[in-house]
Each structure stands twice: as structure tokens, then as C-alpha cells.
Amino acid sequence: MKLYTIGFTKKTAETFFELLREHGIQRLVDIRVNPKGQLSGFAKQNDLPYFLNTLVDGCKYQHVPDLAPTKEILKNYREDKDWAIYTKRFDALMDERGFPGKLRKQAFSEEATCLLCSEETADHCHRRLVAERLASSWADVEIIHL
């Protein structure tokens with residue numbers, strides 16, 4: 001099973017939607033804490049379902065806020081820039097919330113799924129942490145960062 005991730009920052013709308021289309025993404029899972037924020041540009045929660053359906057061949061949109069960090073964890077990371085501490089806090093939060101146990105692998109394997117966050121790259125983004133957590137719990141998961 002392939003599990004994709006993407007961030008929209010520093011991507012044009014054309015690049016963003018073409019990447020999703022080129023990789024056959026059928027479901028975009030939004031794991032942002034604030035998907036309606038003004039900095040989201042073309043990736044605002046209210047606009048994405050229309051854009052995905054129209055530009056990415058009927059791709060579905062799903063927001064899963066339980067896979068997002070808390071505002072406090074995010075605020076602390078923006079202040080101290082300590083990725084190791086952020087990772088520990090985020091992992092503890094995912095344990096507390098029961099993930100990935102609450103997710104069904106079948107739902108991810110039936111449709112080409114992509115995790116969405118805002119960071120340009122996955123290096124210091126929680127979407128990578130979520131993807132790696134899923135891959136360590138589920139067999140045969142290949143992570144592809146777009």
C-alpha cells in the first residue's frame with residue numbers, strides 16, 4: 001500500500017493539484033489544526049472539496065482533526081523550534097488519542113490516500129510522523145512525500 005503526504009506551502013495551485021492527479025490520489029485527508037486559516041490560500045477547507053472533485057478526477061476530501069497537533073503543541077514548537085521535543089509531545093498525543101488504532105487500514109488501502117498539511121516538506125512536519133506511525137503499525141506501507 002502506498003501512503004502519500006503533501007504540503008501546500010510554496011506550491012502553486014497548479015503544482016499542488018497536478019501532483020495529486022499525477023499520483024492518482026482518490027482521497028485527501030486533511031490533518032491540519034486550522035484548515036480554514038487565511039494563510040491556507042487555495043487549500044482552505046471550504047474550497048478543497050470543489051477543487052479536488054473538479055481538478056483531481058473526483059478526489060474526496062476528509063478532515064481528521066484528531067491527527068493534528070494541539071494548538072499548544074504547535075505554539076510551543078514555533079517558540080522553541082525543538083523538533084525532538086515536538087516529536088515526543090506529538091507522539092504522546094497520538095498515544096492518548098489512540099492512533100493509529102482508531103484508523104482502519106482498509107480505508108487507506110481501498111483508495112489512494114494522501115495526508116495534507118501546510119509545511120513545504122515533510123522533514124519537520126507532523127504529516128511525516130503520522131505516516132511513519134501508520135507504516136510502523138500496518139504491514140507493507142510505502143510512504144511517498146509529494
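Summary of computed values
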{"quantity": "Search result, residues across segment 101-117 that are modelled with pLDDT under 95, surrounded by 14 or more Cβ atoms within 10 Å (Cβ to Cβ) and more than 18 Å from Gly24 (Cα to Cα)", "calculated": "Leu103, Lys105"}
{"quantity": "Residue in segment 3-10 that is loosely packed, with under 14 Cβ neighbours inside 10 Å and of a type in the set (Ser, Thr, Tyr) present", "calculated": "no"}
{"quantity": "Members of segment 10-32 that are under 22 Å from Asp123 (Cβ atoms) and touching a strand residue (DSSP E or B) at 6+ places or on another chain (Cβ under 9 Å)", "calculated": "Phe16, Leu19, Leu20, His23, Ile25, Leu28, Val29, Asp30, Ile31, Arg32"}
{"quantity": "Selected residue (criterion: surrounded by the fewest Cβ atoms within 10 Å (Cβ to Cβ)) from residues of segment 121-145 that are part of a loop (DSSP other than H, G, I, E, B) and under 12 Å from the mean Cα position of the chain (by Cα)", "calculated": "Thr121"}
{"quantity": "Qualifying positions in segment 121-146 - closer than 12 Å to Met94 by Cβ and touching a Cys at 6+ places or on another chain (Cβ under 8 Å)", "calculated": "His126"}
{"quantity": "Residue that is modelled with the lowest pLDDT [pool: residues in segment 18-41 that are touching a Lys or Arg at 6+ places or on another chain (Cβ under 9 Å) and part of a helix (DSSP H, G or I)]", "calculated": "Gln38"}
{"quantity": "From the options Tyr50, Tyr77, Tyr61, residue that is more than 16 Å from the chain's Cα centre (by Cα), surrounded by 19 or more Cβ atoms within 10 Å (Cβ to Cβ) and either modelled with pLDDT of 95 or more or farther than 19 Å from Glu120 by Cα (or both)", "calculated": "Tyr77"}
{"quantity": "Evaluation of Val56 against (1) hydrophobic (A, V, I, L, M, F, W, C); (2) in contact with a Lys or Arg (Cβ under 8 Å, 6 or more places away or on another chain); (3) modelled with pLDDT under 95; (4) farther than 22 Å from Glu132 by Cα (one fails), failing number", "calculated": "(3)"}
{"quantity": "Boolean, Tyr86 is surrounded by 18 or more Cβ atoms within 10 Å (Cβ to Cβ) and not hydrophobic (A, V, I, L, M, F, W, C)", "calculated": "yes"}
{"quantity": "Qualifying position, being more than 22 Å from Arg133 (Cβ to Cβ) and of a type outside the set (A, V, I, L, M), among Asp82, Asp91, Asp47, Asp30", "calculated": "Asp47"}
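The values are calculated or read from the model by the stated rules, or taken from the named source; none is laboratory data. Given the structure is predicted, the values throughout are model-derived calculations rather than measurements. Backbone-built Cβ (ideal geometry, glycine too); neighbour counts: all protein chains shown.
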